[in-house]
Amino acid sequence: MKKEIYQTRDVFTPTKPARIAFVERITVNDKLVNSLTTPGKQIVVYGHSGTGKTTLLVNKLNQLYEHHITTRCMKGLKFDQLVLDAFDQLAPYYTQERNKTQRKSLSVDLGAMYKALQAKISSTSSIDETEKQSRILPPQLTPQTLGRFLGDQNACWVLEDFHKIDESEKEELSQLMKVFMDLSDDYPELKIIALGAVDTARQVVDYDPEMRNRVAEIQVTLMTEQEIAEIITKGENALNIRFKDEIRRLISRHSNGLASVCHHLCLNMCNVAGIKETVTGDPFVLSNQHCEDAVRTYVEEASDSIKSAFDKALKQRRKTKFSNATLIIKALSSLNESGAARTDIHKKIQRTEPKYPEANLKYLLPKLCTPEYGGLLRHDSNSGLYSFSDPIYRAYAMAQFQKQETSSSRISSSDFEQTLLKFLTEKIHVEFRENFKLVIDTRKNKTS
């Protein structure tokens with residue numbers, strides 16, 4: 001049987017929902033399917049950016065719904081604009097009036113001439129019928145009407161990035177969810193699904209008290225190394241390529257549970273190898289050099305955003321005794337890449353700053369998870385651990401801050417991370433090269 005040909009950009013998709021390399025996540029899938037098939041149940045899907053919320057939802061909706069509409073939220077968008085956008089996508093029309101006209105006419109032209117009589121009689125009959133259609137008038141664009149139109153089409157409404165909407169607008173969404181729930185007796189498929197990149201669903205929607213037990217809160221957690229590895233396997237099968245085992249392990253480990261990072265690195269490797277579609281013949285084996293070139297591209301593409309994120313995080317907003325952000329980032333970069341609890345970060349800081357107060361750490365750690373402070377960190381509410389939101393941030397922090405930590409034995413020294421460090425020091429901070437070399441040489445001496 002002839003093997004199906006896939007485009008590489010459709011297999012590894014860092015910036016759009018994955019379909020060919022979609023990985024089923026049993027626990028989350030079951031919760032989502034149960035909620036989607038429960039009449040009247042409204043849904044909030046939340047989790048860190050890049051964990052695959054949209055991919056998971058789109059694949060499940062394609063399986064369960066005839067169709068759905070999606071509104072992509074942004075800062076400053078009002079609730080009324082959300083509703084109007086939904087109407088625009090539905091484009092509902094109805095017959096406002098019918099005009100039916102019947103017209104008959106009879107005309108007679110009589111002419112008399114000398115020696116002859118010529119009579120000309122003409123008769124015409126016509127019937128005109130017209131129908132006028134016009135869009136529903138704005139005063140009728142109510143949430144109830146929207147619910148009925150969606151219900152008639154067996155559709156649901158997806159609100160992406162709803163956490164960007166102002167709190168006052170979220171309160172109105174709660175009321176709209178209540179309206180949709182009340183309409184579920186007539187329209188069992190009707191529901192709103194709000195997606196938010198935050199730690200708790202309560203931050204996505206300010207619920208009406210009546211909705212407390214009627215909204216499913218579904219957290220899409222970070223992917224496991226095994227799930228990340230499955231993305232790579234599906235990509236291999238679709239494109240007829242093979243990643244070396246060590247490359248597979250490194251990408252799985254250092255993607256930090258983010259599917260988007262894995263897709264990005266794999267796509268870069270395919271691009272540098274010139275693989276644009278499924279390979280014919282024997283599988284193409286991707287080498288360490290392809291991996292190194294892919295990391296270089298990844299760093300170059302992200303260099304400006306990395307520097308911007310660190311500038312926001314390290315910006316001195318007020319005069320303080322301690323350089324809080326610097327101390328926190330430096331400490332976290334020297335701890336395990338999977339993250340650390342606040343108490344562990346505090347102990348690490350106190351090795352160099354014995355009088356550093358825990359109150360400073362407690363205040364600033366959550367701030368470093370916000371866009372205002374660069375979004376360098378993320379907090380896992382389940383484990384209580386803080387970690388870097390992107391593996392490249394940790395590597396950059398190590399390149400900047402770990403030059404003095406030559407005695408630390410807890411710094412990861414994997415080939416993948418050293419490659420990241422290598423290109424970061426070359427591309428962004430050349431002046432750290434000698435210091436970084438000193439760190440690596442010290443590690444080698446300790447292990448020899």
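Could you tally up the Lys pairs in the stretch 210-360 with alpha carbons closer than 27 Å? Skip any pair fewer than 8 positions apart unless they're on separate chains.
29
Where does the charge balance sit around ASP186 when Lys and Arg score +1, Asp and Glu -1, over other residues with C-beta under 12 Å from its C-beta?
Taking every other residue near ASP186 into account, the sum is -3.
What net charge do the residues around HIS346 carry, taking every other residue with its C-beta under 14 Å from that of HIS346, with Lys and Arg at +1 and Asp and Glu at -1?
Taking every other residue near HIS346 into account, the sum is +4.
Each value in this text was obtained by applying a stated rule to the coordinates, not by laboratory testing. On a predicted model such as this, the values are computed, not experimentally measured, just so you know. Please note: Cβ atoms are built from the backbone with ideal geometry, for glycine as well, and neighbour counts cover all protein chains shown.
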